[in-house]
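Enquirer: This structure is in structure tokens; I'll ask about it shortly.
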Amino acid sequence: MRKNRAQSKEEYVTRSEIDTFLLAKKLAQGFKGKEVVLLKGELGTGKTVFAKGLAAGLGLKDFHQVCSPSYTLINIYQAKYPIFHIDLFRLGKETEIMDLGWEDYLGQGVIIVEWAEKLRFGQDAIRVTIRMGKQDQRRISISS
């Protein structure tokens, strides 16, 4: 894993799925329990792997249960803090996203949103963008 600092954004390059997982796990270990994590990236870039790492960092014993909630839309896990894992992949319209009522979870635990590029969220959040690199590399930008 390599880290470069540029202004308020941190850039990482991970070389495997486990590196991506460990980066997210380390990030989550400093959470206070009310964070919103917005994950952006194309299909197959590792958003769910990152979510699993966050859950592990928050103390979820069986982080293997973390899966993309594409059909259920919201999965809730109990760890050190409640984890609300949201997937917007199947939602297309802003009204569908608003009808989901995910904002009700703000302040009640850690919220992880996959496909966050579909969401307009003007409040404080940890914004993670994952891009494919060469071979198994991922280029991960984290800003808050």
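The values are calculated or read from the model by the stated rules, or taken from the named source; none is laboratory data. Worth saying up front: this structure is predicted, and the values here are computed from it rather than measured. All Cβ positions, even for glycine, are placed from backbone atoms using ideal geometry, and neighbour counts span all protein chains on display.
Enquirer: Looking at G92, G57, which one is farther than 16 Å from V113 by Cβ and not aliphatic (A, V, I, L, M)?
Expert: On the way: G92 fails: farther than 16 Å from V113 by Cβ.
Residue meeting the stated conditions: G57.
Enquirer: Kindly list, by first and then second residue, each pair from a residue in the stretch 94-111 that is surrounded by 11 or more Cβ atoms within 10 Å (Cβ to Cβ) to a residue that is assigned to a helix (DSSP H, G or I), limited to pairs with Cβ atoms under 6 Å and residues at least 6 apart or on different chains.
Expert: From the stretch 94-111, the pairs are I111/Y105.
Enquirer: Looking only at the stretch 87-144, which residues are in a loop (DSSP other than H, G, I, E, B), among the aliphatic types (A, V, I, L, M) and modelled with pLDDT of 85 or more?
Expert: Of all residues in the stretch 87-144, those in a loop (DSSP other than H, G, I, E, B) come to 88-93, 100-101, 106-109, 115, 119-125, 133-137, 144.
Of the ones still in play, those that are also among the aliphatic types (A, V, I, L, M) are 88, 91, 100, 106, 119, 125.
Residues satisfying the conditions are L88, L106, L119, A125.
Enquirer: Right, next: Go through the stretch 71-93 and count every residue that is of a type outside the set (S, T, Y) and within 20 Å of G41 (Cβ to Cβ). Walk me through how you get there before you give the answer.
Expert: Step one: filter the stretch 71-93 for residues of a type outside the set (S, T, Y), giving 73-76, 78-80, 82-93.
Still in the running and within 20 Å of G41 (Cβ to Cβ): 73-75, 83-92.
Going through the stretch 71-93 one residue at a time, the tally reaches 13.
Enquirer: L73 fails exactly one of the following numbered conditions: (1) without any contact (Cβ under 8 Å) to a residue 24 or more places away in the chain; (2) at positive phi. What is the number of that condition?
Expert: Checking L73 against (1) without any contact (Cβ under 8 Å) to a residue 24 or more places away in the chain; (2) at positive phi, the one that fails is (1).
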